[in-house]
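**Q** Quick one: structure below, then a few questions.
Bear in mind that the values in this text are calculations on the coordinates, not laboratory data. Being a predicted model, the structure only gives us computed values, none of them experimental. Every residue, glycine as well, gets a Cβ built from its backbone with ideal geometry; the counts of neighbours run over all protein chains shown.
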Amino acid sequence: MGHETDVCVTGARVYFLPVTTRVPLKFGAETLTHVTCVRARVRVRSGDGRTADGWGETPLSVQWAWPGAETYEARHRAMQSLCLRIGQAWSSWPVAGHPLEIGYRFLEGCLPELLEAERGARPDLEPMPWLAALICSSAFDLALHDAYGQARALPVYETYGGELMAHDLAAYLEPAAGSAVQFGGRYPCGFLSPAPPRRLPAWHLVGGRDPVSPDELTGDEPDDGYPVLLRDWIRRDGLRCLKVKLRGDDDLWDYGRLVAVGEIGLQEGAIWLSADFNCTVRDPAYVTEILDRLMTDHPRIYQMILYVEQPFPYDLERHPIDVRSVSARKPLFLDESAHDWRLVRMGRELGWTGVALKTCKTQTGALLSLAWARAHGMTLMVQDLTNPMLAQIPHVLLAAHAGTIMGVETNAMQFYPEASAPEARVHPGLYRRHEGCVDWTSVRGTGFGYRLDEIERELPPAAGAWGELA
């Protein structure tokens, strides 16, 4: 080990936790009614022989990461299989260092090979996208960062400075061509909020199938004590920020949806909207015409729109659309396309102005994209993957430390609130929104501050275990 604080991974274990939604969540052409969360445990060993374990978790959101014609179960099985390959690879990964270095080298050197192996094992399926591979890898990467915090007896966000990192950001990032940005001598800590707020404004997701008015009720809605209608959610949770899922291929519906949600928001005291066009738009004029019509006919609702999220297809390299006409009207945020800092750089060249970070693309990747974007003057947001249970904690911590345009999107309490009941007893402010905010004051201690010993969560048998955790 080159640096006295370096660690290496010596074992891994993986669990699959099934979760069922109380109401469906629409993703583009597909609808989510259940999800599997992958939970990873990683053991690290430091140069002096000490060991520490860390934990990470993320939903395997198949419909979001791998849209396509293949059956849900076929894609789901392939992603679970890749998780097992990744766990085995982590347990014998010979790289030592800081978790950012280990994670970066795994993403660059190992994960592409594992993805190709999984694709090759299932030639009957369309190739699994890189985004799906990132999701599968993210639980292990989060667990690595957590384990390092445990090993150093520090909270995770106190481990990103030069005193613990052998390499500065110049080892990982390149500035945009022609810019004056330099990454030499700079570390992730320099791009993080020096005083992260403990309470964050919470964005509520208005899904494509969510009823926003009584006449949209079908009679099949759950009677479980939680709200169903948008107005009731706003009143119960004191919501001020509403993210509106749109279709992207039906301009009349999208326009009407923004107007309907905006009018309810205005009546109930909401302040902000964001418009998520679901990656289905091919022509910027589709978005600009809706925005311009709102500006003319509903100027107050137009003013409420804080930003527009990823209207265009996932793959920037295959669809290099100049989006300046949209970003001239509203801040425009990369989400599904922002797999890493290189694509953020390409997006900036095409006219995107912001980046929506997600822990499901790995903690390592999120930190590097955050640093690159902030160094180049781009705005940040942290978006949800409907994160329940442990997945919620690193998600909210990233938003608090990133310094987002406005709070954090958080919607697991809408779609499967009871899934997080054991965690909510320890961290009540993270799993229920109060006065329009989530509160992570209860998070404390080393690593991600999960306080796992206090959470009464019974895990299923491990789906795989390797190395010192076998």
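**Q** How many nm is it between the label spots at Asp315 and Asp232, if each spot is 7 Å from the Cα in line with the beta carbon?
**A** Those two pseudo-labels are separated by 4.3 nm.
**Q** Still on this model: By how many degrees, between 0 and 90 and to the nearest 10, does the Cα long axis of helix 130-152 differ from the longest principal axis of the chain?
**A** The helix 130-152 is inclined about 50 degrees to the chain.
**Q** Net charge near Tyr104, counting Lys/Arg +1 and Asp/Glu -1 over other residues with Cβ under 15 Å of its Cβ? Each step should come with its number before you reach the end.
**A** Values: positive: Arg105, Arg342, Lys361; negative: Asp6, Glu101, Glu108, Asp141, Asp168, Glu174, Asp340.
In short, -4.
**Q** Quick one: Leu164, Leu390, fewest Cβ neighbours within 10 Å first, how do they rank?
**A** Details: Leu164 20, Leu390 27.
Ascending number of Cβ neighbours within 10 Å: Leu164, Leu390.
**Q** Please find the FRET efficiency linking Arg50 to Glu73, where r is the Cβ-Cβ separation and R0 is fixed at 30 Å, and quote it to the nearest 0.05.
**A** Values: r = 42 Å, r/R0 = 1.42.
Rounded to the nearest 0.05, the efficiency is 0.10.
**Q** In addition: Name all residues of segment 337-374 having a backbone nitrogen under 20 Å from the label point set 7 Å from the Cα of Ala177 along its Cα→Cβ direction, giving them as ranges.
**A** Only 340-353, 372-373 fall inside the zone, counting backbone N under 20 Å.
**Q** For labels at Glu458 and Thr218 in the simple 7 Å Cα→Cβ model, what's the distance in nm?
**A** In this crude spin-label approximation the distance works out to 3.4 nm.
**Q** While we're on this one: Output needed for segment 127-276: three equivalent-ellipsoid semi-axes, defined as square roots of 5 times the C-alpha gyration tensor eigenvalues, in descending order, whole Å. Let's see the in-between values first.
**A** Values: eigenvalues 335, 83, 66 Å².
Semi-axes (√(5λ), whole Å): 41, 20, 18.
**Q** With just the Cα atoms defining each centre, how far is segment 42-119 from segment 343-419? Give it in Å.
**A** Answer, in whole Å: 19.
**Q** Further question: Could you give me D for the chain, from Stokes-Einstein at 20 °C and 1.002 mPa s, where the hydrodynamic radius is the Kirkwood radius over C-alpha pairs? Units µm² s⁻¹, please.
**A** Numbers: Rh = 22.5 Å.
The Stokes-Einstein estimate is 95 µm²/s.
**Q** Next question. Please arrange Arg432, Arg13 by how many other C-beta atoms lie within 10 Å of their C-beta, fewest to most. Walk me through the intermediate numbers first.
**A** On the way: Arg432 16, Arg13 24.
Listed from fewest to most nearby Cβ atoms, that is Arg432, Arg13.
**Q** Stretch Ala285-Ala121 to full length: gain in nm at 0.36 nm per residue minus the Cα-Cα span? The partial results should precede the final answer.
**A** On the way: separation 164, 0.36 × 164 = 59.04 nm, distance 4.16 nm.
Between Ala285 and Ala121, full extension yields 54.9 nm more.
**Q** Let me ask something else. So how tilted is helix 341-350 from the main axis of the chain? Cα-based, degrees 0 to 90, rounded to 10.
**A** Approximately 30 degrees, to the nearest ten.
**Q** Dimensions of segment 188-444 along principal axes (Cα, Å, largest first)?
**A** 47, 45, 28
**Q** Ok, one more. Apply the Kirkwood formula to segment 179-238: the hydrodynamic radius equals the inverse of the mean of 1/r over all pairs of different alpha-carbon atoms; give it in Å with one decimal. Kindly include the intermediate steps, with their values, before the conclusion.
**A** On the way: mean 1/r = 0.0628 Å⁻¹.
Result for segment 179-238, one decimal place: 15.9 Å.
**Q** Of all alpha-carbon pairs in segment 300-387, indicate the percentage at a distance above 15 angstrom. Each step should come with its number before you reach the end.
**A** Details: 2051 of 3828 pairs.
For segment 300-387, the fraction of Cα-Cα distances above 15 Å is 54 percent.
**Q** At 7 Å along the Cα-to-beta-carbon direction for both Thr36 and Leu252, put a label point, then send me their distance in nm to one decimal.
**A** 4.2
**Q** Over the chain, how many pairs of lysines fall under 20 Å by alpha carbon, counting only those 8 or more apart in sequence or from different chains? Could the numbers behind the result be given before it?
**A** On the way: Lys26/Lys243; Lys26/Lys245; Lys26/Lys358; Lys243/Lys330; Lys243/Lys358; Lys245/Lys330; Lys245/Lys358.
Eligible lysine pairs with Cα atoms under 20 Å apart amount to 7.
**Q** What angle do you read, to the nearest 10 degrees and between 0 and 90, between the alpha-carbon axis of helix 363-375 and the longest principal axis of the chain?
**A** Its long axis makes an angle of about 60 degrees.
**Q** Binning every alpha carbon pair distance of segment 358-470 at 10 Å from zero, what are the percents per bin?
**A** 13, 40, 33, 13, 2
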